[in-house]
Number of protein chains: 2
Amino acid sequence: MQKRRETVYSLGLDLGGTNVKGAVIDTEGRIISQVEEATPPGKEVKEIVVCLADMIERLASEHPEIIGVGLGSPGILDAERKIIRASPNFPSWSNVPLIELIARYIKLPLILENDANCFALAEHRWGAGRGCRHLLALTIGTGIGGGIIIDGELYRGSTGAGGELGHISIDMNGPKCSCGSYGCIERYIGSRWFVEAARQKLSDSSINSPKDVNILSSAGNHAAADFIAKQGELLGIACVSLINIFDPQAIIIGGGIAELGDPFFRGIRHSVNERSYLKLASEVKILPADLGTKAGALGAAALGFEAGRIK
Amino acid sequence: MQKRRETVYSLGLDLGGTNVKGAVIDTEGRIISQVEEATPPGKEVKEIVVCLADMIERLASEHPEIIGVGLGSPGILDAERKIIRASPNFPSWSNVPLIELIARYIKLPLILENDANCFALAEHRWGAGRGCRHLLALTIGTGIGGGIIIDGELYRGSTGAGGELGHISIDMNGPKCSCGSYGCIERYIGSRWFVEAARQKLSDSSINSPKDVNILSSAGNHAAADFIAKQGELLGIACVSLINIFDPQAIIIGGGIAELGDPFFRGIRHSVNERSYLKLASEVKILPADLGTKAGALGAAALGFEAGRIK
């Protein structure tokens, strides 16, 4: 008689500056249930903790199959991944012991991870990077988050701060970046800087988002299409360095700016083909992310299974 | 009665453009015997194979304890590390099946590895990077070789071409590099370019090597000392990107240029401290390599033990 396999689920939460997303998944990565709520506007630690704990409690009572909870958050974590040392989306936070604070309300095993790492993990397991042993993933919004998968596992660095792929400098004399360096790729492609450059280049002060440039480009505005391609070329220059360093199988690009589609990706590929070492880089796949805005919660949920099994 | 442990040795060879070095080591990394010979000047595949096979045969007959041979070579290897796809030191070589060619003469298990990877492995095991879980190593000569140690193991990339740390661009509009990209750190710090820049900056056409600049600097020439520090700062800019990507415990710098000593390392540290993200990078150790010119052969020998145990 075959033993019946017990159904287990994991809950992943994706804490963003605007929304908190939750996803309950099974071991195959299938979504059983999804929720989304506005992030408490004050962004104080206490109200965020209550918001997250409430969401966990509600979903856990609806789905008693949940064995663990993964929590993706922007920012730099400590090496044990229990504390948020600093986060661009929550500027007042400093060394917040998020896991400990939530554990006061919640009995389920909890695991914390950088949100871009969650994105990378989800795209590796169930998205555009399925089957790749070594891959890099960038998610481009206001900032650029990065994740590194090596031998199928997240690479976190010595203190948990690895994978800051947005802070590769492509021009040592370039504009100053919020990180302290100069000419970081985030300083060109992060949506705020993208918009500022587009307004200037296209002499159009009505541009408020990368999407606006995309609308112009799709309507046949050649200057807008060229601008998008040039932004892709800048990202491609960072990709060339990453390829020379990692020799990865794939680079996955996600986030709002990745929706710029073909002209953007052609720009990336142009730089990579033009500048790659011994032409090896032409073998590297450069792919748009596949899982959309739910990647963060999915990756967090993948880690929730780990938390559940550790306990 | 305690079983007597059998003494085993490994042989490591370091194939360079000028010399071939060999080292017989025990399992603790102690050197039992060393040899060095000029690389056959024609640099043809056949004469190199004969030279290497002769050296192996000779050392193996003197030391029957040798259980495997590691061979470090400059260039890009294939994923199985049996073929040298291309090598800057041997420009006529293309897809040379070096392991197969040597195995016609030699019965010992053989393993091939990129020479900079051997350098990184040796510094990790027995040199400046002892005890570091994640580290990066750069060896700076005519070109810059790089090696990545992750979780105590060499990271080789998907096709064996990973770790080309000299080909990180620090200026997308910089001078063209031999790799096809622009503004690679090798294009500034590699000894040929170092000398060219020093001649210009110091208006001294008698400078023929980085050592010459060091002699000037040590003799109290402030312009020479400043030049060395500025070259260190350029390397430091690449180190900042590497720190943001890897969050390593240490970056080890070796090769001839690392002998520039304090002013050079102060320059590196200056950039790292000025430009590092959230000041985390100040925790990263930036160290001169410890094993000198024998690091390549030692790292190759470390892999020779692996080859011996695989068989």
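Peptide B:146-156: average number of partner chain Cβ atoms within 10 Å per residue?
That works out to 2 on average.
Quote the charge dipole size of the range A:138-204 about the Cα centre in Debye, to the nearest 20; the model charges only the Cβ of Lys and Arg (+1) and of Asp and Glu (-1).
260
Within 10 Å, count the other beta carbons around each residue, average over each peptide in B:34-47, B:289-302, B:64-77, and list them highest first.
B:289-302, B:64-77, B:34-47
Which of A:Phe264, A:Ala197, A:Gly146 sits closest to the plus end of the dipole of chain A, meaning its Cα is farthest towards the positive end, when Lys and Arg get +1 and Asp and Glu get -1 on the C-beta?
Among A:Phe264, A:Ala197, A:Gly146, the one farthest towards the positive end of the dipole of chain A is A:Gly146.
If we restrict to alpha carbons, what Rg and Dmax does the range B:1-138 come to, in Å?
15.6, 58
Cross-link partners among lysines for A:Lys285, C-alpha distance below 28 Å, same-chain residues fewer than 8 apart left out?
Counting by Cα, and skipping residues close in sequence, A:Lys285 has these lysines nearby: A:Lys211, A:Lys230, A:Lys294, B:Lys82, B:Lys176.
Roughly how tilted is helix B:222-246, in degrees to the nearest 10 and between 0 and 90, from the longest Cα axis of chain B?
60
In what order do A:Cys118, A:Cys184, B:Cys179 fall by count of nearby beta-carbon atoms within 10 Å, going from fewest to most?
Least crowded to most crowded, the residues run B:Cys179, A:Cys118, A:Cys184.
Report the Stokes-Einstein translational diffusion coefficient (µm² s⁻¹, integer) for the range A:168-210, Rh taken as the Kirkwood radius over Cα pairs, at 20 °C with viscosity 1.002 mPa s.
201
Regarding the range A:246-311, what are the three Cα extents along the principal axes, ordered largest first, in Å?
49, 27, 11
Amide H neighbours of B:Gly174 under 5 Å, at least 5 residues apart or on other chains, H built in the peptide plane: list them.
Excluding prolines and chain starts, which carry no amide H, the hits are B:Gly183.
Treating only the Cβ of Lys, Arg, Asp and Glu as charged (+1, +1, -1, -1), what charge dipole size does the protein assembly as shown show about its Cα centre? Round to the nearest 20 debye.
The dipole magnitude comes to about 420 debye.
Over the C-alpha atoms of the range B:104-194, what are the Rg and the largest Cα-to-Cα span, Dmax, in Å?
That works out to 15.1, 51 Å for Rg and Dmax.
Given an 8 Å cut-off on Cα distances and at least 6 residues of separation, report the relative contact order of chain B as a percent.
The value is 22 percent.
Going by average Cβ neighbours within 10 Å, how do the peptides A:198-205, A:132-139, B:213-220 rank, with the highest at the top?
So the peptides A:198-205, A:132-139, B:213-220, ranked by packing, come out A:132-139, B:213-220, A:198-205.
Round to the nearest 10 and give me the degree value, 0 to 90, for the angle of helix A:262-275's Cα axis relative to the longest principal axis of chain A.
Rounded to the nearest ten degrees, it is 70.
So what's the angle, to the nearest 10 degrees on a 0 to 90 scale, between helix A:191-201 and the longest Cα principal axis of chain A?
Helix A:191-201 sits roughly 20 degrees off the main axis of chain A.
Please state, as a whole number in µm²/s, the translational diffusion coefficient that the Stokes-Einstein equation yields for the range A:205-267 at 25 °C and 0.890 mPa s, with Rh defined as the Kirkwood radius across alpha carbon pairs.
197
Report, for the range B:132-289, the % of DSSP beta bridges that are antiparallel, rounded to 5.
55
Roughly speaking, what is the centre-to-centre gap between the range B:1-56 and the range B:170-184 when only Cα atoms are used, to the nearest Å?
36
What three numbers, in Å, describe the spread of the alpha carbons of the range A:147-299 along their principal axes, ordered from the longest?
Projected onto the principal axes, the Cα atoms of the range A:147-299 cover 45, 36, 33 Å.
Take peptide B:173-181, look around each residue's Cβ out to 10 angstrom, count Cβ atoms belonging to other protein chains, and average those counts. It would help to have the intermediate numbers written out before the result.
On the way: counts 5, 3, 0, 1, 2, 1, 6, 9, 10.
Taking all residues of B:173-181 together, the mean is 4.
With only Lys, Arg, Asp and Glu charged, each at its Cβ (+1 for the first two, -1 for the last two), find how big the charge dipole of chain B is about the Cα centre; round to the nearest 20 debye.
Dipole of chain B, to the nearest 20 debye: 320 debye.
Return the Rg/Rh ratio of chain A with Cα-based radii and a Kirkwood Rh.
Working: Rg = 19.8 Å, Rh = 20.0 Å.
With Rh from the inverse mean 1/r over Cα pairs, Rg/Rh is 0.99.
Compute the semi-axes of the equivalent ellipsoid of the protein assembly as shown, taking the square root of 5 times each eigenvalue of the Cα gyration tensor, and list them largest first in whole Å.
44, 31, 23
Amide H neighbours of A:Trp93 under 5 Å, at least 5 residues apart or on other chains, H built in the peptide plane: list them.
Under 5 Å from the amide H of A:Trp93: A:Ser87.
Given the options B:Ile245, B:Ile228, B:Ile83, which has the most mean-square fluctuation in a GNM of chain B, springs set between C-alpha atoms less than 10 angstrom apart?
Ranking B:Ile245, B:Ile228, B:Ile83 by mean-square fluctuation puts B:Ile245 first.
Read-outs: derived from the displayed coordinates by stated rules, not from any lab. Just so it is clear, the structure is predicted and the values come from calculations on it, not from any experiment. With ideal geometry, Cβ positions are generated from the backbone for all residues, glycine too; neighbour counts draw on all protein chains shown.
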